[in-house]
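Notes follow once the structure below has been shown.
The values are calculated or read from the model by the stated rules, or taken from the named source; none is laboratory data. This is a predicted model, so every value here is computed, not measured. Virtual Cβ from ideal backbone geometry, glycine too; neighbours counted across all protein chains shown.
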Amino acid sequence: MKIPLYQVDAFTGHLFGGNPAAVCPLEEWLDDGLLQSIAAENNLSETAYLVENGNGGYHLRWFTPSCEVDLCGHATLASAYVLMNHLVTDRTEIRFQTKSGELRVTRHDELYTLDFPARPPAPCEKRPEGLVEALGRQPEEIWEAKAYMAVFESENDVRDLRPNFHLLGQLDKYAVIVTAPGSTADFVSRFFAPKAGIPEDPVTGSAHCTLIPYWSDCLGKQSMLAHQVSERGGEILCQDLGERVKISGRAVLYSTGMIHL
């Protein structure tokens, strides 16, 4: 069996930036254990798998090196990029059926816009045990949604964090978002998910489902520019639509190949 493999850098306009994702179009679903093994072999934050659904759209699933996740932004952007540029080049909109419902991606020139569900955070009533120790610095605020979100005073606070990934992996939520007001953007963030096999994710679209509602309320703005200040870095255009958010970015193709099974 041969499976096509595309590797795409998402949320960036240049190679070696943003977040690399593997995209594997399939004719039909394979055994979950095999999908997980391929993702582990790829050893990227996410490997995305696509299967046509018969209604003009695609079923989409995402695997980290250690588990399947229910929502992923950069690998959704990468999947849309592969489809629109290599497989169905006449399309400017793709609809994906996922564990988080229908997700739409539209393209305008080189910009891809993801229509995702909002996941607004709520204040933590009690400080999560071990979180401050894991981050090595006391945040101004701690919020929670699917992940914890620690809010800091400045962009430098976020950039300078050197977290203890072992301690982060012992928290009761799968990931931690850290964020602050930006100096050259409306806000910045980083994302740590060692429990999901990703010590630090370079650029995390799904985290912005939580970041966008929070910063929209703080700043009184519906449209914002965000930077994820990981080592690779990435730029995200954000729009708060209430129950939905729009997350926009660019992507570039790094490589194509074939998996032999």
Among (1) farther than 24 Å from Val245 by Cα; (2) of a type in the set (A, V, I, L, M); (3) part of a loop (DSSP other than H, G, I, E, B) - the single one Leu71 does not satisfy
(1)
Residue by residue through segment 87-101, note down the ones that are under 20 Å from Glu27 (Cα atoms) and either touching a residue at least 60 places away in the same chain (Cβ under 8 Å) or assigned to a strand (DSSP E or B) (or both).
Leu87, Ile94, Arg95, Phe96, Gln97, Thr98
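Kindly check whether there is at least one residue in segment 18-25 that is surrounded by 13 or more Cβ atoms within 10 Å (Cβ to Cβ), in the same structural domain as Ile94 (by TED's automatic domain parsing) and of a type in the set (S, T, N, Q).
At the first step, the residues of segment 18-25 found to be surrounded by 13 or more Cβ atoms within 10 Å (Cβ to Cβ) are 18-25.
Filter again for in the same structural domain as Ile94 (by TED's automatic domain parsing), leaving 18-25.
With of a type in the set (S, T, N, Q) added as a condition, the list becomes 19.
The answer is yes, given that some residue of segment 18-25 is surrounded by 13 or more Cβ atoms within 10 Å (Cβ to Cβ), in the same structural domain as Ile94 (by TED's automatic domain parsing) and of a type in the set (S, T, N, Q).
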Please find, among Asn85, Asn42, Asn55, the residue that is more than 13 Å from the chain's Cα centre (by Cα) and at pLDDT below 95.
Asn55
How many of the residues in segment 192-248 are in contact with a helix residue (DSSP H, G or I) (Cβ under 7 Å, 6 or more places away or on another chain), in contact (Cβ under 8 Å) with a residue 40 or more places away in the chain and among the aromatic types (Phe, Trp, Tyr)?
0
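To keep it simple, each residue is scored yes or no on (1) β-branched (Val, Ile, Thr); (2) touching a residue at least 40 places away in the same chain (Cβ under 8 Å).
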residue	(1), (2)
Leu5	no, yes
Thr12	yes, yes
Phe16	no, yes
Cys24	no, yes
Trp29	no, no
Leu34	no, yes
Ser37	no, no
Asn42	no, no
The listed residue being at pLDDT 95 or above, outside any strand (DSSP E or B) and in the same structural domain as Asp201 (by TED's automatic domain parsing), out of Ala134, Ala150:
Ala134
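Take the conditions in contact (Cβ under 8 Å) with a residue 40 or more places away in the chain, among the aliphatic types (A, V, I, L, M), on the phi < 0 side of the Ramachandran plot and assigned to a loop (DSSP other than H, G, I, E, B) and apply them to Leu60. Does it pass? I'd like the intermediate steps shown before the answer.
On the way: in contact (Cβ under 8 Å) with a residue 40 or more places away in the chain: yes; among the aliphatic types (A, V, I, L, M): yes; on the phi < 0 side of the Ramachandran plot: yes; assigned to a loop (DSSP other than H, G, I, E, B): no.
No: the conditions fail for Leu60.
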Checking Phe191 against (1) under 24 Å from Gly242 (Cα atoms); (2) in a loop (DSSP other than H, G, I, E, B); (3) aromatic (Phe, Trp, Tyr): exactly one of these is not met. Which one?
(2)
Go through the residues of segment 20-34 one by one and say whether even a single one is more than 20 Å from Leu103 (Cα to Cα), of a type in the set (A, V, I, L, M) and over 16 Å from the mean Cα position of the chain (by Cα).
yes
What number of residues in segment 134-143 are closer than 14 Å to Phe192 by Cα and either crowded, with 16+ Cβ neighbours inside 10 Å or within 22 Å of the chain's Cα centre (by Cα) (or both)?
2
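What do you reckon, is Gly13 in contact with a Lys or Arg (Cβ under 6 Å, 6 or more places away or on another chain) and either at pLDDT below 95 or within 23 Å of Asp201 (Cβ to Cβ) (or both)?
Numbers: in contact with a Lys or Arg (Cβ under 6 Å, 6 or more places away or on another chain): yes; either at pLDDT below 95 or within 23 Å of Asp201 (Cβ to Cβ) (or both): yes.
For Gly13, the condition - in contact with a Lys or Arg (Cβ under 6 Å, 6 or more places away or on another chain) and either at pLDDT below 95 or within 23 Å of Asp201 (Cβ to Cβ) (or both) - is met.
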Which members of segment 205-250 meet the condition of being of a type in the set (Gly, Ala, Ser), assigned to a strand (DSSP E or B) and surrounded by fewer than 19 Cβ atoms within 10 Å (Cβ to Cβ)?
Ser223
